[in-house]
Amino acid sequence: MKKFLPVFSVVLAIVTILSLGLGSTQPKAAAQDQVTITWWHIGTVEDQGAYWQSLADAYMEANPNVTIEITILENEAFKERLVTVMQAGDPPDIFQSWGGGVLWQFAEAGLVRNIAPELEGEWKDSFSAQAALELYGQDGEYYGVPWTWGAVGMFYNKALFAEAGLDPEAPPATWEEFLAAVQALKDAGITPISLGEGDKWPGHFWWVYLAIRLGGEQAFLDAYNRDGAFTDEPFVQAGEYLQQLIDLEPFPEGYIGLGYGDQAGLMGDGKAAMELMGQWAPSVQIDNSENGGEAIQGNLGWFPFPVVEGGAGNPGDVLGGGDGYAVGSNAEDEAVDFLRFITSAENQAAGAKIWILPTVAAAESAIEDPILQTILAARNSAPYSQLYYDQFLPPAVGQAVNDAVQGLFEGTLSPEDVASAIEDEASFELDE
Amino acid sequence: MSALGAQVRTITRQRDKTHPRRIHFGKWGTISLFVLPGMLLFALFVLVPIAKAAQYSLYDWDGFGPLTEYVKDGNYQRLYDHKPFRSAINHSFFIMFLSLTVQLPLAMMLALLVGRGKLRGRKIFRMILFVPFVFSEIITAIIWMYVYHPGEGLANVAFGTLIPGFEGQTWLGDRDLVMYSLFGVLTWKFFGFHMILYMAGLQGVSKELEEAARVDGANELQVLRYVTLPLLGSTIRLTIYLSVLGSFQQFAIAWILTRGGSPANSSHLISTYLYKFGIKTFRLGYGSSVAVVLFTISLLFSLGYQRIVLRRDYAD
């Protein structure tokens, strides 16, 4: 042991010097005529992957000096790899981003490029989803743009509504009517609401939407800016209203153990009457159904989340989100130009053909599906558009919302417990 | 390198003055040549990260940029107060306890059954029983998600058919059940590994000794208790060691099956807690403090067990 120690300490010294040295060498990209753009997207679905590839090909043809290297990653894998390269200080030039807190965190660390100089003017004005665009920047800076944006709402099966004696063309508009419709469906032996709460996020939509209806924009901003708290009245009430619904037992058997795939499958097979979900829901329903969504096609309808009587929120407020691309700090000007190309009216219109709800006004007329048109109208007319909590809030708080709401569904947390569990994380993360 | 050489020379001079220096330097040079590369890698990829984690655990750090917010023991304080973390520690010990009391005895019984004796087709059984261990942990977890599916999963269907009046369970959605469900999967996955170790150990148990005990009038149970098991002692001590450390380090199966501690953070192990609250939330400082706790527990157990229990196995 005594012989061992001196040798060992020398080794440790060498290693320390080496690791210090490694940390400080940063490769610097030299400016060249030949430009390579690295692009990470999560379009793993076949037609989306092909769509992005076609845009890259078209751009490279028009600009022979540009090479676009695409990396396609699955959603969760993308998030993990992105964190790794970000911590190494080496972001891709263009990458998937949902905006909000996570993107701002990158901005504070200087890992994304401010594209405000390029964006201001014509490009910025072309967006109809202005609220969405705002999530890609703060304090006059922008780090990316959204290329699709939607809203969460209630998808319902008109045939099952009719079977339960409900008017399929007049879906419930208020919370009272909604609870009555749930009861009617239940009495008719139909599972009223599909839910895969094992994944947590599908259920948190319910609580967040109720909080939006009850407290409106002000309650959320107060809690976020720490003028208020997530234990304020509207957030506790959101839990109480949701508890009313849970008490009716409207969900499928064992829903705490089911996932989103199960939830969509039940809708696609016509085994449940409603689901609260984003604009992507129809294609997922069909993907997870047993026979190509036969039971749901032609029967699917959409209505906005019911209004809560006496709530402070505007009935037109929506919860939503979408996808965008952010620009990494090492990106050349060509990358920003390519991003402008992606969100051109022509390319956005091509995207609308494959269920991408465009963010650019000039491309909106390309949408033919009536449900998507309804969602688009709700999105564009919303006086207040709330981004998904788990994107807008610091990750830990978003996660706390999902976990706590799952506890409410499970029956182990009371509405007050849910609010205070969220507030615990929020006070830790948001208080300066 | 020259600094190292000088140091080595000094040491050797001090220790052995009677022998010529050249030979000693040669000996030390050789040792250094063999030891240095390995030690360098060990230091770079094991020791430095441990030291770094200990350092990070004292900061509020999101993983980007320099360490600026020194919080002293703030992370540890918060850890101590966080209920899911306490339950994660309990669960890790719970899994460890059940592994030792259920999984290892089961593996031993099966090893005695198929590892020797006259059971027909024991080679086939041996192979079948070992199959689960061959699957990757991820595949195992995904298979069992289907088995535990609350609607028409195999578990509910099988129990429903065998036991009249059995009510379908939400195996992974019920906080009173989820840890047992998880333990069931871990047992299914890992008993084969311990069984193989026991079977290998049984090869070394001399038949003559057992025969001698029988001649002396011992019945089969007594032979097992007083001859076979004591002779398997070193194997058993090794499997206990591996099982305990495995329980603390289990991650993949638990993470996938419980979807990160569902329902509502009631089913965490230390490792899943670390990943969820340390990595996914961008709280690398906080996560490091969890890692330090996990490391300390594993190190203390490992050192203690090696010194006290495994000592005699090394001495042989």
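The values are calculated or read from the model by the stated rules, or taken from the named source; none is laboratory data. A quick note: this is a predicted structure, and the numbers were derived from the prediction, not measured. Note that we place each Cβ from the backbone using ideal geometry, even for glycine, and neighbour counts take in every protein chain shown.
Quick look at the numbers
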{"read-out": "Within region A:1-108, helices (runs of 4 or more DSSP H) holding 1 or more residues that are within 12 Å of chain B (Cβ to nearest Cβ) and at pLDDT below 90", "value": "A:4-24, A:75-87, A:100-108"}
{"read-out": "Region A:191-235, subset farther than 20 Å from residue A:181 by Cβ and in contact with a Phe, Trp or Tyr (Cβ under 6 Å, 6 or more places away or on another chain), residue modelled with the lowest pLDDT", "value": "A:199"}
{"read-out": "Yes/no for residue B:247 being in a helix (DSSP H, G or I), among the polar types (S, T, N, Q), out of contact with any strand residue (DSSP E or B) (no Cβ under 9 Å at 6 or more places or on another chain) and within 20 Å of residue B:51 (Cα to Cα)", "value": "no"}
{"read-out": "Candidate set from region A:234-284 (those that are without any contact (Cβ under 8 Å) to a residue 40 or more places away in the chain and under 16 Å from residue A:197 (Cα atoms)); member that is surrounded by the fewest Cβ atoms within 10 Å (Cβ to Cβ)", "value": "A:247"}
{"read-out": "Residue B:113 vs. criteria surrounded by fewer than 19 Cβ atoms within 10 Å (Cβ to Cβ), touching a helix residue (DSSP H, G or I) at 6+ places or on another chain (Cβ under 9 Å) and modelled with pLDDT of 95 or more", "value": "no"}
{"read-out": "Test for residue B:58: is it surrounded by 12 or more Cβ atoms within 10 Å (Cβ to Cβ), at pLDDT 95 or above, more than 10 Å from chain A (Cβ to nearest Cβ) and in contact with a Phe, Trp or Tyr (Cβ under 7 Å, 6 or more places away or on another chain)", "value": "yes"}
{"read-out": "Check on residue B:165, surrounded by fewer than 17 Cβ atoms within 10 Å (Cβ to Cβ) and of a type outside the set (D, E, K, R)", "value": "yes"}
{"read-out": "Answer from B:304, B:233, B:285 - the residue that is buried (at least 16 other Cβ atoms within 10 Å of the Cβ) and either within 14 Å of another protein chain (Cβ to nearest Cβ) or of a type outside the set (Val, Ile, Thr) (or both)", "value": "B:285"}
{"read-out": "Subset of region B:88-106 [of a type in the set (S, T, N, Q) and in contact with a helix residue (DSSP H, G or I) (Cβ under 9 Å, 6 or more places away or on another chain)]", "value": "B:92, B:99, B:103"}
{"read-out": "Selected residue (criterion: farthest from the other protein chains (Cβ to nearest Cβ)) from residues of region A:371-410 that are in contact with a strand residue (DSSP E or B) (Cβ under 7 Å, 6 or more places away or on another chain) and of a type outside the set (A, V, I, L, M)", "value": "A:374"}
{"read-out": "Residue under evaluation residue A:317, criteria (1) within 20 Å of the chain's Cα centre (by Cα); (2) closer than 17 Å to residue A:50 by Cα; (3) of a type outside the set (Phe, Trp, Tyr), criterion not met", "value": "(2)"}
